[in-house]
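**Student:** One structure, as structure tokens, below. Some questions next.
The values are calculated or read from the model by the stated rules, or taken from the named source; none is laboratory data. This is a predicted model, so every value here is computed, not measured. Counting neighbours? That spans all protein chains shown, and the Cβs are built from the backbone with ideal geometry, glycine included.
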Amino acid sequence: MIEWLTATNHKKIGILYIVSTLAFFVVASLLAGLIRAQLARPENTLLDAHQYNQVFTLHGTAMIFLVIAPFGIGLANYLVPLQIGAPDMAFPRLNAIGVWLFILGGLTVFAGLAAYGGAAAAGWTAYAPLSELTEGTGAGQDLWFVGLLLVSVSTILTSINLLVTIFLFRAPGMTMWRIPIFTWEIAATAVLVLMAFPPLAAVFAMVLIDRHLGGHFFDPAYGGNPILYQHLFWFFGHPEVYVMILPYFGIVTEIVATFSRKPVFGYVGMVLSAFAIAGLSLGVWAHHMFTTGAVSNPFFAAVSFLIAIPTGVKFVNWIGTMWKGSIELSTAMLFCIGFMLNFLIGGITGVMIASPPIDYAAHDTYFIVQHFHYTIGGGSMFALFGALFFWFPKIFGVRLDERMGKWTFALLFAGFNATFLPMAFMGLEGMARRVYTYPPIGHLALLNGIASFGALVMGVGTALFFINVVAAVRRRVPVPPNPWDGYSLEWLTASPPPEFNFHELPPIRSRIPAWDR
Amino acid sequence: MKTFVGLFAASALFGIALAVAYWFVAHEEATGAALLGCMAAALVFTAGYAVVAERSADLDGDDPNEPLERVAGEELGIFTTRSAWPILVASCSLLTLAGTLWSPALAVAAGIALILCCWRLGAESARV
Amino acid sequence: MRWLFDPASQQGVAMRADWYVFVAAGIAVGLFVYAAIFWCLIAYRRRTGREPAAFKNNPPLEITYAAIPFLLVLALFAVTFAIEMPIDEAAASPQQRISATAFRWSWQFDYGGGVVSSGTTMQPPALYLPLGRTTEIALRSADVTHSFWVPAFLFKRDAIPGMTNVFDVTPRHAGTYLSRCAQFCGLEHGLMTFYVKVVPAAAFDRYLSSGGTQKP
Ligand SMILES: [Cu+2]
Ligand SMILES: [Cu+2]
């Protein structure tokens, strides 16, 4: 216990991130189950309005701030030093501060459940002035802001650490143009975090000043402006979307290349597209504000459309990597195929809603819920499972069962599409986001019924995954250093690696050191 | 070629271009222009740091044929494996923040503890 | 769903074209990429005795596949811009003006001349609109941010405290359309509905001249 509380080694900290994000994932998934149970039938009374508002707020907050984003950063913590041949991260103590700020911040958000008046209930976006009202949401909303303020500071610290590590701690021969794509995507993510998270910390601090110290930043009666909150929040919020996707692009790239037995196609294109996406994503924030009538819609529509180009480059390069390869459909590979199939739908609907005339109908409806779940759920979450199956043997020294894994994939893929595809049509039928009840009009009852059944299937798939983990850990069958015939440096050391990663550093003369042997 | 210097220089140029473009396309809108301006300034600052760091650093990784004599691990410096201060720094940060909202006494006490912990952490990291 | 094919306002008809263009382009691109992925999975499955190729890049091909989306995106932006501009432009002299105020958790509609109607979550108010007349709606909020959404018009606009949002709507089908607040605004956001009732212009005028007593 003390050993874990005081650990500074990047692998221990990486495991702390992975375990805590998976724990938050279980909680957030159960909350999703509650949402789908409530919406399974029209005019359902399983949850009342206040309970439902807390449930969807905590579900969104946890999945975004406590699962998808920190898992990518946590996995980077574990893998980046291994992939570039470094013994540890540049600042091990800073790294430990980061993980504890993250875990304490996440627990603080959930501590709101015990507060008088319940947990935060203003949505993961917490728009002011709604989030500044005290009735109904008292200390719970404060704890939400305090917790996420700690999480954002943690993310900034870890990003600095990752950048310095990537720039200055590479092993002899590991030039920048040889580091694996996953590490490159993490570098782009870290730059993005440094640009986008300070406004978030600022806006949360402003809300806390308003709530406790008599400020009026967002109150028009005192010369404040609610639009200011939206600007600051989305200046962070859109880049956050890419903080939740770039690491997973990297994961997919590594897994696809490994199981196609081919080096990554278009390495330079992959790197440039990662930075192009990061750069462009800093100039699109107000596409979340098209319906406010307070922003330049054409500017933000144009820059948003441009992101489709580097994203398209990634798809071309993944297909180019598989082209004429020797593809093995392992569980990890299946999850990456699922990522591509789902993410493509999320990307295409994303270009649609970047067009303001379409967004005027789609904004704040279930069409949007469908869109972002296809990118972050069908995309990032599938890559997350792919990463777990791929790197589990390296990290924990035991392998997950492939047959059970393929069942997990099948259940999650079928369940995911059954849950979220109907939502595109719910939006067009007039169902708004964040409603705790809806009337039995149009096809809403049928569509919601299908979605809730799909969620049940996803629940079974997720449970199967955790059974798989427990079984693998109890079986304790040791694995060789390179069970998948991977090409990057981490596969050239023991599973799990020794304390300082490599007893003897292998020669690095290309982008595929493990295949050079 | 020091790739990361080029990378930051390019991002800084892009940030400036984006801020200028925004200013002309949506010039009545001051909030976004200010945000993009700050972002561009931050990118210029990091690019400047990258230039300075590149001059002073002697990187093993940047030579494609670097010999392996300087093996990583212990050679790169000794890394600490455990420290009690980080978790205390994180806990004190939480308590200081919570105290600021609900209890000035807690804020002062936790704030002092936070400074102490940071100081001890700094002293410890100077040794190992 | 049917509002997408047959919107109840003229602005909706213009925006429907945007939907059609983007859905068509999206399906075309999606099928092309899906075909390429499934082709790889079928043709290049691992078989004994076949070695994977070793190529690592193909710059002309990569540039082509970056240029094609660029052109596509340019065309989509042109379509977006052409359709959006007239919708965002409110007419200088509308035939009718109505002011709508959102509050937690219902709406108040002010037609001028003392004709005001308001509702509750249990008794959603009705917004009467004259068929075929371009009506300017001035949108305000009394407390937090709300959003005025009429699914049948394929349109919504936010009601933000401290500012007035103005837009035009020209109804083209008479009827009653369930509408609602789209932006989360707290406890009873889910019940913050209203009815848009598009009525013949004569009936609408009678409603106003009777001081709101003769409901159409
Ligand atoms: Cu966005
Ligand atoms: Cu609302």
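**Student:** Which one of A:Ala221, A:Ala201 is within 18 Å of A:Thr158 (Cβ to Cβ) and away from ligand 2 (no atom under 16 Å from the Cβ)?
**Tutor:** One residue alone meets the criteria, A:Ala201.
**Student:** All but one of (1) surrounded by 23 or more Cβ atoms within 10 Å (Cβ to Cβ); (2) more than 28 Å from A:Glu185 (Cα to Cα); (3) away from ligand 2 (no atom under 16 Å from the Cβ) hold for A:Ala274; which doesn't?
**Tutor:** (2) is the only condition that A:Ala274 fails.
**Student:** Consider A:Ala471 against the criteria (1) closer than 28 Å to A:Phe25 by Cβ; (2) buried (at least 17 other Cβ atoms within 10 Å of the Cβ): it satisfies all of them except one. Which criterion is unmet?
**Tutor:** Looking at each condition in turn, A:Ala471 falls short on (2).
**Student:** OK, next. Any idea how many residues of segment C:1-54 are surrounded by 12 or more Cβ atoms within 10 Å (Cβ to Cβ), among the hydrophobic types (A, V, I, L, M, F, W, C), free of Cβ contacts under 8 Å to residues at least 60 places away in the same chain and outside any helix (DSSP H, G or I)?
**Tutor:** Total meeting the criteria: 2.
**Student:** Mind counting the residues in segment C:93-106 that are within 16 Å of ligand 2 (Cβ to nearest atom) and out of contact with any helix residue (DSSP H, G or I) (no Cβ under 9 Å at 6 or more places or on another chain)?
**Tutor:** 4
**Student:** Here is a follow-up. From the list C:Gly132, C:Gly114, which one is away from ligand 1 (no atom under 16 Å from the Cβ) and under 19 Å from C:Pro200 (Cβ atoms)?
**Tutor:** C:Gly132
**Student:** In segment C:175-204, which residue that is more than 14 Å from chain A (Cβ to nearest Cβ) and buried (at least 16 other Cβ atoms within 10 Å of the Cβ) is farthest from A:Thr437 (Cα to Cα)?
**Tutor:** C:Ala203
**Student:** Okay, next question. What do you reckon, is A:Pro226 farther than 20 Å from A:Gly147 by Cβ and within 16 Å of ligand 2 (Cβ to nearest atom)?
**Tutor:** yes
**Student:** Only one of C:Thr170, C:Thr176 is in contact with a helix residue (DSSP H, G or I) (Cβ under 9 Å, 6 or more places away or on another chain) and either within 16 Å of ligand 1 (Cβ to nearest atom) or hydroxyl-bearing (Ser, Thr, Tyr) (or both). Can you tell me which?
**Tutor:** C:Thr170
**Student:** Please find, within segment A:253-293, the residue that is nearest to ligand 1 (Cβ to nearest atom) out of those that are small (Gly, Ala, Ser) and closer than 18 Å to C:Leu61 by Cα.
**Tutor:** Top of the filtered list is A:Ser273.
**Student:** What pairs come up if the first residue lies in segment A:499-511 and is closer than 20 Å to A:Phe265 by Cα, the second is of a type in the set (Ser, Thr, Tyr), and their beta carbons are under 8 Å apart, counting only those six or more places apart or on different chains?
**Tutor:** A:Arg511/A:Tyr267; A:Arg511/A:Tyr487
**Student:** Which members of segment A:173-183 meet the condition of being at the interface with another protein chain (Cβ under 7 Å from one of its Cβ atoms) and buried (at least 24 other Cβ atoms within 10 Å of the Cβ)?
**Tutor:** If the condition is that a residue be at the interface with another protein chain (Cβ under 7 Å from one of its Cβ atoms) and buried (at least 24 other Cβ atoms within 10 Å of the Cβ), then A:Met174 is the only one that fits.
**Student:** To continue, here is another question. Please state which one of C:Ala36, C:Ala90, C:Ala67, C:Ala14 is at pLDDT below 95 and either in contact with a helix residue (DSSP H, G or I) (Cβ under 8 Å, 6 or more places away or on another chain) or on the phi > 0 side of the Ramachandran plot (or both).
**Tutor:** Just a single option satisfies the conditions, and that option is C:Ala14.
**Student:** Here is a list of conditions, (1) at pLDDT 95 or above; (2) touching a Pro at 6+ places or on another chain (Cβ under 9 Å); (3) away from ligand 1 (no atom under 16 Å from the Cβ), and A:Thr331 meets all of them except one; can you say which number that is?
**Tutor:** Going through the list (1) at pLDDT 95 or above; (2) touching a Pro at 6+ places or on another chain (Cβ under 9 Å); (3) away from ligand 1 (no atom under 16 Å from the Cβ), A:Thr331 breaks only (2).
**Student:** Sort out which residues of segment C:109-135 are outside any loop (DSSP other than H, G, I, E, B) and within 21 Å of the chain's Cα centre (by Cα), and write them in order of number.
**Tutor:** C:Phe109, C:Ala126, C:Leu127, C:Tyr128, C:Leu129, C:Pro130, C:Thr135
**Student:** Kindly provide the set of residues from segment C:75-100 that are within 14 Å of another protein chain (Cβ to nearest Cβ) and not in a helix (DSSP H, G or I), ordered by number.
**Tutor:** Selection gives C:Glu89, C:Ala90, C:Ala100.
**Student:** Are there any helices (runs of 4 or more DSSP H) wholly within segment A:1-101 with 3 or more residues that are closer than 22 Å to B:Arg82 by Cβ and out of contact with any Lys or Arg (no Cβ under 7 Å at 6 or more places or on another chain), and if so which?
**Tutor:** Qualifying helices (runs of 4 or more DSSP H): A:2-5, A:10-39, A:69-84.
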